[in-house]
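Enquirer: The structure's right below; bear with me while I get my questions together.
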Amino acid sequence: MKIKVECDSGLKGSEIPIRFVMGNRTVEVEEVVDRWYGENASYFRVLGHDEHLYILKAPVGDGDWDLVSFTHKDSRGTELEFGGRKEIQ
């Protein structure tokens, strides 16, 4: 899904998403949980102000950002803090 992203320049000029727009809904980024690099894109796992988790795909050069994953805050197994092994009941 194509999204519009507003960024802030991070260290060494790398851009960090601070908010994004999906249709008419704006999500403020509370935290960048993880970041990794692919062959043609950078990926950001972010926590939105709505407490949902999103994975955003940023192009290496010019191009559009994409929302590649959404995880609802109440989904099982999505806790950010993991204290060891858990059993699913």
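The values are calculated or read from the model by the stated rules, or taken from the named source; none is laboratory data. From a predicted model like this one, the values you see are computed outputs, not experimental measurements. Methodologically, a virtual Cβ is constructed for each residue, glycine included, from the backbone with ideal geometry; neighbour enumeration extends over all protein chains shown. Just the protein is used for accessible areas: all its heavy atoms, side chains included, with ligands, DNA and RNA removed. Shrake-Rupley method; radii C 1.70, N 1.55, O 1.52, S 1.80 Å.
Enquirer: For residues that are in contact with a Pro (Cβ under 8 Å, 6 or more places away or on another chain) and either of a type in the set (F, W, Y) or open to solvent by less than 70 Å² (accessible area, probe 1.4 Å) (or both), tally how many sit in segment 16-41.
Expert: 3
Enquirer: Are any residues in segment 1-15 open to solvent by less than 70 Å² (accessible area, probe 1.4 Å) and within 17 Å of D66 (Cβ to Cβ), and if so, which ones?
Expert: Answer for segment 1-15, where residues must be open to solvent by less than 70 Å² (accessible area, probe 1.4 Å) and within 17 Å of D66 (Cβ to Cβ): I3, V5, C7.
Enquirer: From (1) of a type in the set (D, E, K, R); (2) in a strand (DSSP E or B); (3) open to solvent by 70 Å² or more (accessible area, probe 1.4 Å), pick out the condition that doesn't hold for E51.
Expert: Every condition holds for E51 apart from (2).
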